[in-house]
Amino acid sequence: MTARHDTDRVIALWLTEIAPEGHVDYLDETLGALDRVRQRPVWASPGRWLPMQMTLPRVVVPRAAPYLALLALLLIGLLIALAIAGGQRRVPAPFGPAANGLVAYSNGGDIYTVDPTTGARQVIVGGAATDESPAFSRDGTRLAFVRHQGAGSVVVLADANGRNQVVTPMTPLANVGLLTWSPDGRSIAVTTDDNGDTGSVFIVDTAGPTIRKIDVVGEYEEVQWRPPDGRQLMITARVAGRAHFALVSAADDTVNVLSWPDGNPGGGLRPGDWSLDGRRFLYAAPNGQVQILDMDGGRDVVIPLSHGDGGGYPRFSNDGRQVLFMEFAPESNWLSVAPSDGTRPAIRVTDTYVDGIGTHYTWSPDDSTIAFEPNLGPRVLLDPAGGPASTPPWLTDSIESWQRLAR
């Protein structure tokens, strides 16, 4: 006999010993009471007419469940990231083509913007102060402009809509020229015309904001930040009585005067713009030739003219594939566009002007058109392919700065 059977026998004997003999004295009364109680009808038992699950179903967890849960968490994280990104404004790269935004200009001491798409126009900087020369940052999010104070002017920083203005602490400058933003928006180059022949160059640190003067004599008021990072800027400097191009370090203001092209004692060396990679620089030589300087020591690219005697004041298109410049002949001037590789002659894109053409022309951010304000005559938008010019209703004032937006 096994141990289990021994245990069962012991338990049975123990139950027999403790069990009372006979039956309880109230058993008969209990059975009698039950005989008098009617049985509950069938319909009164919910389990007989309601569908009931009397047992719990077995839950089977698929083996892929942990992976599905992880995937769900990843999807939730992705949706949160997209929501955050959607709340942030997209901005264009500092160089290259961009979408066309608002056009900023000054009129009567106030700063205006106009939307070329809708024609909507508004004052974004008003008040009693005299403000002018607006310039959008290259990402289109900020605006700088000049505010006159007494006999001089100061630089004011603001959002693109003119709000949150911050006046740069500085001694007012006389005859402020152009404001040119660095690629990262940290700095603004400011030029002045000191005596009608030469000028000075200043750098505004927008984070300070502070302003400092570069130890160089400027020959021409335009300056160009070098792509892609803006660590240098090109200026035209007066050195020993001659005009030279010079590279200025944005980090420590070190000035490196270039020995080529040759300096010119009577001016005529006009800066143009940088290629997108920062390896080539567009300029107009004193002899009237439009050229692209290879900064690595290679040969210049010569831009063939249409039929003029010379050219000047060139500008790269935003994509770097075309060059816009002025051509001149005896008693006449016009604008021309040519491919930047020098493979084809330029084509004329404006009428000819007898009394001077001026230098107020610029590519739209998307390169689809050229805004042109001649010295005499109406403001127009030019077709880079040489088609007819147009004068849209919104083009009633100068185009001082065209906002770049993400495409």
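Were the residues from Ala93 through Leu70 laid out at 0.36 nm apart, the gain over their Cα-Cα distance would be 4.7 nm.
Computed from phi, the 3J(HN,Hα) profile of the stretch 265-281 under the Karplus parametrisation 6.51, -1.76, 1.60 (θ = phi - 60°) reads x, x, x, x, 8, 10, x, x, 6, 8, 6, 4, 8, x, 9, 10, 10 Hz, with x in place of Gly and Pro.
Using Cβ point charges alone (K and R +1, D and E -1), the dipole size of the stretch 249-354 about the Cα centre works out to roughly 260 debye. Taking Lys and Arg as +1 and Asp and Glu as -1, the other residues whose beta-carbon sits under 14 Å from that of Ser106 total -4.
What's the FRET efficiency of Asn256 with Ala329 using the Cβ-Cβ distance as r and R₀ = 56 Å, to the nearest 0.05? Efficiency, from the Cβ-Cβ distance: 0.95.
Relative protection proxy for 111-118, 279-286, 208-215, from highest mean packing down: 279-286, 111-118, 208-215 (other beta-carbon atoms within 10 angstrom).
Since only Trp274, Ala160, Gln232 are under comparison, the one whose Cα sits farthest along the positive direction of the charge dipole of the stretch 145-299, derived from C-beta charges on Lys, Arg, Asp and Glu, is Ala160. The local environment of Thr352, defined by Cβ-Cβ distances under 10 Å, has a net charge of -2 under the rule Lys, Arg +1 and Asp, Glu -1. For the stretch 303-346, the Cβ-based charge dipole about the Cα centre amounts to some 160 debye (Lys, Arg positive; Asp, Glu negative; other atoms uncharged).
Quick note: the coordinates plus some simple rules give every number you see, no bench work behind them. Note that the structure is predicted; figures quoted are calculated from it, not measured. All Cβ positions, even for glycine, are placed from backbone atoms using ideal geometry, and neighbour counts span all protein chains on display.
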